[in-house]
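What follows is a set of notes on a single structure, which appears directly below.
Derivation of every value follows stated rules applied to the coordinates shown; laboratory data play no part. This structure is a prediction, so every number in the text was calculated from the model and none was measured. Heads up, the Cβs are rebuilt from the backbone with ideal geometry, glycines too, and the neighbour counts pull from every protein chain shown.
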Amino acid sequence: MAKSANQKIKILYLMRILLQQTDDEHGLTLAELSEALAAYGVEAERKTLYSDLETLEVFGLDIEKRKDKTVRYHVVSREFELPELKLLVDAVQSSKFITHRKSGELIKKLESLTSRYEAQQLQRQVFVSNRIKTMNESIYYMVDELHDAIGTNSKITFHYFEWTEKKEKRLRHDGALYKVSPWALTWDDENYYLVAYDSEAGIIKHFRVDRMTRLRIVDERRDGAEIFKGFDLALYSKKTFAMYGGREETVCLRCNNNLASVMIDRFGQDTTFLYPDEEHFDAYVKVAISPTFLTWVMNFGENVKIISPASVQQDLLDHIRKVLSQYEG
C-alpha cells in the first residue's frame with residue numbers, strides 16, 4: 001500500500017493499536033504509538049498524534065491520559081467489560097451444542113474484543129461434569145438458517161436421524177423428508193430444539209436441531225399461524241420435560257416443604273401452592289405426561305407424591321412396574 005494511502009487511514013491504525021495494546025493496566029507513550037504506527041508503514045509526528053487522539057475521544061473511544069514517569073494513553077472502557085467476556089467464553093466453552101472447533105473460533109473472536117493482555121485471561125478451560133460436545137458441526141449454521149426461515153415466514157424440509165447401537169446414523173421417517181413450518185427455537189436440557197407445526201399431522205412438534213440434516217428453506221408460506229398466535233414458548237418449555245410431548249394434565253404434586261425452591265425453579269413463581277399441613281405444600285402444575293416427567297417425579301422418592309388426577313397416578317404405577325419387571329426373577 002502506498003505511503004499516502006497509509007497516511008489516510010492512520011487514525012484507524014491508531015485506534016486498532018490502542019484497542020489491542022492498551023487497557024486499564026497497560027498504556028502506551030506517544031513514542032510507542034509512533035513506533036507501532038511505523039510497523040504499518042505510517043509516519044506520525046507528536047503534534048498530529050495529539051490531534052488524532054482527540055479525534056478518537058470525540059468519536060467515543062474512552063482514552064485516558066495518565067502521567068507517572070512519562071505520559072501513557074490507555075483505553076479504559078469498552079463495549080464489553082472483561083467479566084462479561086469471561087462469562088461469554090464460559091458459556092461457549094461449556095455449551096454442548098457448539099463443537100470443539102467452533103468453540104475455539106468463537107473464543108478467538110471474543111478475545112479480539114479486548115486487549116491482548118486481557119485476552120490471555122479469556123484463554124480458560126471450563127470443565128462441566130457430564131458435558132459432551134456435539135459432533136454435528138453444521139448446527140451452528142442451521143440455527144442461523146432456521147432463524148432465516150422463521151423471519152421469512154417459510155416452511156423447511158430436512159432429514160432427521162437417530163443413533164443406532166452400532167453408533168451409525170439412521171434416518172427416521174423411513175428416510176423421507178420432513179416438511180414443517182418453523183415457529184420458534186428453544187434451549188432445553190442443554191440442547192437446541194426447533195418448535196414447528198406439522199401440517200400433515202395437524203400438531204405442534206419439536207426436533208433436536210443437532211439431529212437435523214440437509215436442511216432447506218422451501219418457497220412455501222408457513223402454516224399454523226392461528227395456533228401460534230398466542231403461543232407462549234416459556235410456558236410450553238415449562239410444562240414439557242426434556243421436550244417429550246404427551247397429553248396435557250393439571251397435576252397436583254404434594255411436596256415436602258424443602259422442595260419449594262425446586263418447584264419454583266421448574267414451574268415458576270406464579271405456581272399455585274396450597275398447604276394441606278405444616279410439613280407439605282400442594283403444587284398445581286400443568287405438564288405434558290411423559291416417561292420423562294414420571295421419572296422426574298420418581299427422583300424425589302417419598303418427598304413428592306402425585307395426588308391427582310388418578311390417571312396420572314396410574315401412569316406412574318405402570319411406569320414403575322415396567323422398570324421393576326426388568327429386575328424381578
- Note on the structure: Once the dipole of the chain is set up from charges on Cβ (+1 Lys and Arg, -1 Asp and Glu), the residue from the list Gln314, Ser77, Ala260 lying farthest towards its positive end is Ser77
- Note on the structure: Counting Lys and Arg as +1 and Asp and Glu as -1 over every other residue whose Cβ sits under 13 Å from the Cβ of Leu259, the net charge comes to -1
- Do any of Lys155/Lys229; Lys109/Lys155; Lys8/Lys109; Lys8/Lys47; Lys169/Lys322 go past 21 Å between their Cα atoms, and which? Lys109/Lys155; Lys8/Lys109; Lys169/Lys322
- Which entry in [x] 38, 24, 17; [y] 54, 27, 19; [z] 32, 26, 18 matches semi-axes √(5λ) of the Cα gyration tensor in Å derived from the coordinates of this structure? [y]
- Sum up the charges of everything whose Cβ sits under 12 Å from the Cβ of Lys322, counting Lys and Arg as +1 and Asp and Glu as -1, but leave Lys322 out. -2
- Query: Under the Karplus relation 6.51 cos²θ - 1.76 cosθ + 1.60, θ = phi - 60°, what is the ordered set of whole-Hz ³J(HN,Hα) values for the range 177-183, x standing for Gly and Pro?
  - Reply: 6, 8, 10, 9, 9, x, 10
- Query: Using modelled amide H (1.01 Å from N, peptide plane; none on Pro or chain starts), what sits under 5 Å from the amide H of Lys286, excluding residues fewer than 5 places away?
  - Reply: Val251
- Apply the Karplus parameterisation 6.51 cos²θ - 1.76 cosθ + 1.60, with θ equal to phi minus 60°, to every residue of the range 152-161 and state each ³J(HN,Hα) to the nearest whole Hz, in sequence, with x for glycine and proline. 9, 6, 10, 7, 9, 10, 6, 9, 10, 10
- Query: Once the other residues with Cβ under 10 Å from the Cβ of Ala44 are scored (Lys, Arg +1; Asp, Glu -1), what is the net sum?
  - Reply: -1
- Task: With a 10 Å radius around each residue's Cβ, average the other Cβ atoms per peptide and rank 51-57, 286-292, highest first.
- Result: 286-292, 51-57
- With contacts defined as alpha carbon pairs under 8 Å and 6 or more residues apart, what's the relative contact order of the chain in percent? 10
- Query: Quick one: in the range 140-181, what % of C-alpha pairs are over 10 Å apart?
  - Reply: 74
